[in-house]
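Everything below concerns the one structure shown next.
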Amino acid sequence: MSTAPHIIHDDNRARAVVTALALFAALCGTTAPASAQQLACDDGIKTAFHPDEATTVVAVRAIKKGEELVAQDSPRPITMAADMCLVKLLVGPGFTAEKDKTARSWSEGIGIEVWLPTPANWNTRIRNYGGGGWVGGGHRTVDKIGSKVPALVNANMGYASGTTDAGQPWYQDGSFTFLSDGKVNAEAFRDFSVRAMVEQAVKTRALVTLYYGKAPAYAYYDGHSQGGRQGMKIAQDYPELYDGYMIAQPALNIPQFGTAALYPQIVMKTELGFTALDKPKATAFAAKIDAANKRALAACDKAGIGFLLDPFACDYDPARDAAALCSGEAGQGVTGSNADAATCMSLKEAMALDRIWFGATPDGSYDAAQSSDSRSGKVLGTKQVWWAFTRTTAIGSQITGTAAGSVALALQDVRYAADASATNPSDIPFNNGSTTERNKWQELSYADLADTVNKNLALQPTLFSNLGTDKADLGKLRDLGRKIIVYSGLVDDAIPPAGNVNYHERVAVQMGGHAEVQKFMRMYLLPGSAHSSQGRAYTVSGQNDSVPLPKLPGNANQTPTREQDQFFTALTDWVEKGVAPGEIALTSRDSKLSYPACVYPSRTVWNGGAVTQAASFGCK
């Protein structure tokens, strides 16, 4: 399949990035005159703001305190806590390789929303926010809000905050990644991978400087999941665009973890004879895995706090647990004693779970004696292609639903994507008119999936514009004096945390060791924290009140104090005051459990004292 036409258009996007960076350099190299006038929040901005020929002001909207807005990711209206101005931008060019304007792979360009507090409320800072998943949203639509809740909250707090749809308007729908003729949309990947974030940074700064009549004192990036990947991409390639980066649970290593996400289905098909297409069997197996997770917790939770401080250290094996195996089932050195058909496992089921916990291999093998260091991301295990989720992590959605989008993209064939019968209800199947065939992923073997991961990696520099975002050389960022704080949940159920640990370890090797890395980047691993959206945290087993989590701004608190915005406050103190972050005290919402989040490579540990006392925990 020829990709030459896409590469030509990709060159146009590379030139657009250069143009945006030139505008950024010009903005940073000039100072607004003292007599510069602040703009009114009206259509005059459409005329006044013309940074380049590719940028159009779509709409300007004055928003009043108390107004209710429906953000893209909020199930209920958000009551705004302050007056502000919302400016919507569209930055071309669109996806010129797509000729069908009715296709989801057609786009006019990159949609950007910029939230501007009133001049009296502006704290002279930018706090841009990232997207999530396949991003998209109503950024370019006059009567919609495309941003997620945190961007609105950031503006309520006094920050100017810009967001982007990453180049396509279809919220959380990955259909745009394939052109209507079935080829991969390389233009879209250029915008999605990097260009949209460059434009977000540059255009937000340009508009802020024009609107307030002066340049911002500081600019920060704040993002979670895909938004975390977006921020890390800029930190790696264009670190000059921000002074500080708040990176939460970033979706790094997408070629590996995104493609290997299909592995549970390959295990189920090969070892157990069914997949997520058989919903009753998949649902029953998911219930057994949930029961096995509870047994893993009971075996490894030495502190008795209801979750694991270090799930990497847990080596629980259901094949060696009589209480996990069905009565009379011959296990590995044990005989099953569990008479509950809904929760007990056959030996085949137990070993299938062991394979899923170990992660993808080319032959379905796994290492029952895998070390804690190997599970934690420091080194891949024997034949291991990539890491999977930690024991006690809720993985039911990977059992009852099929994640095959990255597989289809790596194979450049939409037929390998899952249809609605194979996905979870919350997922959006790929919509593409080139063929109605789907679920060809069922034909893949262990070896085929491992080969597909390698194909995805090989295509990163060209077709996918290095979406993997794993460059370990952060020398430019270090030399510029920029700072990064990263955190990942240890029971993240969307992005295996070992992959982010592995990236940090690779940076340490590249940059001279952990002590050197800590001069510009610090990472925290959060026990009990699952994948979440900022301000609305999720935890293992949904125990949101009993697991210590960082305090973050969100729906319930739109004007947080410094102490209620913990990690970001630590970042601003590092950037603006030179105070490097150390241990960060976390307390559960019910106030019954407190311990420190620790600067990696240190981990939160229990010293054997009463768990009701914060002094019983420390960093080691």
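Judged by a Cβ-Cβ distance under 4.7 Å, the unpaired cysteines of the chain are Cys28.
Compute the whole-percent fraction of alpha carbon pairs in the range 112-156 spaced more than 14 Å apart. Counting pairs separated by more than 14 Å, the tail of P(r) holds 51 percent.
As a rough guide to protection, the peptides 191-198, 491-498, 376-383 ranked by mean Cβ packing within 10 Å, highest first, stand as 191-198, 491-498, 376-383. The H on the amide N of Asp310, modeled in the peptide plane, is under 5 Å from the matching H of no residue at least 5 residues off or on a different chain. Along the range 326-341 the Karplus relation, 6.51 cos²θ - 1.76 cosθ + 1.60 evaluated at θ = phi - 60°, assigns HN-Hα couplings of 5, 3, x, 6, 7, x, 9, x, 9, 10, x, 10, 8, 8, 8, 5 Hz to successive residues, with x for each Gly and Pro.
Towards the positive end of the charge dipole of the chain, with charges on Cβ (+1 Lys, Arg; -1 Asp, Glu), say which of Gln398, Thr204, Gln72 has the farthest Cα. Final value for the positive-end residue is Thr204.
For the range 72-84, putting each phi into the Karplus relation 6.51 cos²θ - 1.76 cosθ + 1.60 with θ = phi - 60° gives couplings of 4, 10, 10, x, 9, x, 9, 8, 5, 8, 7, 5, 6 Hz, in residue order, rounded to whole numbers and with x for Gly and Pro.
For the chain, what % of the accessible area comes from carbon and sulfur atoms, probe 1.4 Å? Taking all protein chains in place, the chain shows 52 percent carbon and sulfur surface.
3J(HN,Hα) along the range 44-53, derived from phi through the Karplus expression 6.51 cos²θ - 1.76 cosθ + 1.60 where θ = phi - 60°, amounts to x, 5, 4, 7, 6, 9, 9, x, 6, 5 Hz, with x in place of Gly and Pro. Averaging the sequence gap over all C-alpha pairs within less than 8 Å and six or more residues apart, then dividing by the number of residues, gives the chain a relative contact order of 13 percent.
In nm², what is the average projected area of the convex hull enclosing the Cα atoms of the range 148-276? Over every viewing direction, the Cα hull of the range 148-276 projects on average to 10.5 nm². When you count the other C-beta atoms within 10 angstrom of each residue and take the mean per peptide, 219-232, 392-405, 274-287 line up highest first as 219-232, 392-405, 274-287. Calculated accessible area for the range 379-524 comes out at 37 Å² per residue, all protein chains present (probe 1.4 Å; ligands, DNA, RNA ignored).
Between the amide H of Ala59 and those of Lys88, distances stay under 5 Å, these residues lying 5 or more places away or on another chain, with hydrogens modeled in the peptide plane.
Fully extending the segment from Lys46 to Ser337, taken as 0.36 nm per residue of separation minus the present Cα-Cα distance, adds 97.5 nm. Computed over the alpha-carbon atoms, the range 78-119 gives an Rg to Rh ratio of 1.23, Rh here being the Kirkwood radius from the mean inverse distance. Prolate is the label for the range 71-230, because a/c, from the alpha-carbon gyration tensor with a ≥ b ≥ c as root eigenvalues, is 1.5 or above and a/b exceeds b/c. Can you figure out the FRET efficiency of Lys348 with Asn454, using R₀ = 45 Å and their beta-carbon distance, to the nearest 0.05? Efficiency at R0 = 45 Å is approximately 0.95.
Computed about its Cα centre, the charge dipole of the range 119-247 is approximately 240 debye, with only Lys, Arg, Asp and Glu carrying charge at their Cβ. Out of Ser105, Trp122, Asn154, whose Cα points farthest toward the positive end of the dipole of the range 67-155 (charges: +1 Lys, Arg; -1 Asp, Glu; placed on Cβ)? In the range 67-155, that residue is Ser105.
For the peptides 417-425, 74-82, 254-262, the ranking by mean Cβ contacts within 10 Å, running from highest to lowest, is 254-262, 417-425, 74-82. Our note on the geometry: Cα centres of the range 558-577 and the range 61-93, 23 Å apart. Rounded to 0.05, the FRET efficiency of the Asn123 and Ala614 pair, given R0 = 30 Å and the Cβ-Cβ distance, is 0.40.
Segment Lys64..Arg76, full-extension length gain: 2.5 nm, with 0.36 nm per residue of separation and the alpha-carbon distance subtracted. Dipole check for the chain: with +1 at the C-beta of Lys and Arg, -1 at the C-beta of Asp and Glu, and the Cα centre as origin, the magnitude is about 860 Debye.
With R₀ fixed at 25 Å, the C-beta to C-beta distance from Ser365 to Thr435 puts the FRET efficiency at about 0.15.
The values are calculated or read from the model by the stated rules, or taken from the named source; none is laboratory data. Since we're looking at a predicted model, the values are computed, not measured. Cβ: placed from backbone, ideal geometry, glycine included. Neighbour counts: every protein chain shown. With ligands, DNA and RNA removed, areas are computed over all heavy atoms of the protein, side chains included. Shrake-Rupley method; radii C 1.70, N 1.55, O 1.52, S 1.80 Å.
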